[in-house]
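Student: One structure, pasted below without further comment.
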Amino acid sequence: MRRLTLVPVLVAVAALALAGCAQDFGHGPEVTEKSKDGRKFYLVVDPTKEGKEKKFRVSKYDYHDCNRGSKYPKCIDD
């Protein structure tokens, strides 16, 4: 009997987790440059469009998905 009450709870938790993964972050700052230092990957963006570029570390997947001129974090769709 206890398993029957646990199943709907697990299904609800799984549905909420999947809904959280489907967030749309929209378009962020434009990638102006990419750099790689060994196994560390970096993107350079200018979030304020005032020439104040910021370099930050990203995963290798983001590094490969984001080209110059694309918008981070949704680079793959650009």
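Student: Six or more apart or on different chains, Cβ atoms under 7 Å: show the pairs whose first residue is in region 45-66 and closer than 14 Å to VAL31 by Cβ and charged (D, E, K, R) and whose second is open to solvent by 60 Å² or more (accessible area, probe 1.4 Å) and part of a loop (DSSP other than H, G, I, E, B).
Tutor: These pairs meet every condition: ASP46/LYS52; ASP46/GLU53; LYS54/PRO47.
Student: Which residues, taken from region 1-48, are at pLDDT below 70 and among the basic types (Lys, Arg)?
Tutor: Of everything in region 1-48, those that are at pLDDT below 70 and among the basic types (Lys, Arg) turn out to be ARG2, ARG3.
Student: Find the residue count for region 47-77, including only residues that are surrounded by fewer than 15 Cβ atoms within 10 Å (Cβ to Cβ), assigned to a helix (DSSP H, G or I) and either of a type in the set (Gly, Ala, Ser) or in contact with a strand residue (DSSP E or B) (Cβ under 7 Å, 6 or more places away or on another chain) (or both). Give the steps one after another, and end with the answer.
Tutor: Taking region 47-77 first, the residues surrounded by fewer than 15 Cβ atoms within 10 Å (Cβ to Cβ) are 47-57, 59-61, 64, 67-69, 76-77.
The next check asks that each one be assigned to a helix (DSSP H, G or I); those that pass are 60-61, 64, 76-77.
Okay, now just the ones that are also either of a type in the set (Gly, Ala, Ser) or in contact with a strand residue (DSSP E or B) (Cβ under 7 Å, 6 or more places away or on another chain) (or both), so 60.
Selection size over region 47-77: 1.
The values are calculated or read from the model by the stated rules, or taken from the named source; none is laboratory data. This one's a predicted model, so the numbers in the text were calculated from it and none came from an experiment. Here Cβ is always computed from backbone atoms with ideal geometry, including for glycine, and neighbour counts include all displayed protein chains. Each accessible area value is taken on the protein alone, full model and side chains, heavy atoms only, with ligands, DNA and RNA left out. Shrake-Rupley method; radii C 1.70, N 1.55, O 1.52, S 1.80 Å.
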